[in-house]
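J.: Below are the structure tokens for one structure; questions will follow.
The values are calculated or read from the model by the stated rules, or taken from the named source; none is laboratory data. None of the values given here were measured: they were computed from a predicted structure. Cβ sites come from the backbone with ideal geometry, for glycine too, and all protein chains shown count toward neighbours.
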Amino acid sequence: MGRLLSEPWVIATVIVVALVLFATPKLPAIARSLGQTMRIFRAEVTDLQKDAGDLAAESTALGHDISSLTTPMKSQPAPQKARTDR
């Protein structure tokens, strides 16, 4: 049994067959919901990118440097705890 489900394509095939057998009436609603979720996600990402561009343009016009806010922070090493076992 362990070897039967070891390949990803076998697992995907089992899932597809199970969906077709047991969830056929609900498939259109599931697909509609997934499509709506993807549209909302895409719109939110586009809005975030637009807002980030507007913020960068506005701060440049005001003479502020926001490059430290828009680039990922470098990881800092964790501070060492003081030893208290004297």
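J.: What is the residue count in the stretch 1-33 for residues that are surrounded by fewer than 10 Cβ atoms within 10 Å (Cβ to Cβ) and out of contact with any helix residue (DSSP H, G or I) (no Cβ under 8 Å at 6 or more places or on another chain)?
T.: Result for the stretch 1-33: 11.
J.: Give the residue that is surrounded by the fewest Cβ atoms within 10 Å (Cβ to Cβ), with candidates limited to residues of the stretch 35-86 that are at pLDDT below 70 and not in a loop (DSSP other than H, G, I, E, B).
T.: Among those that are at pLDDT below 70 and not in a loop (DSSP other than H, G, I, E, B), it is S68.
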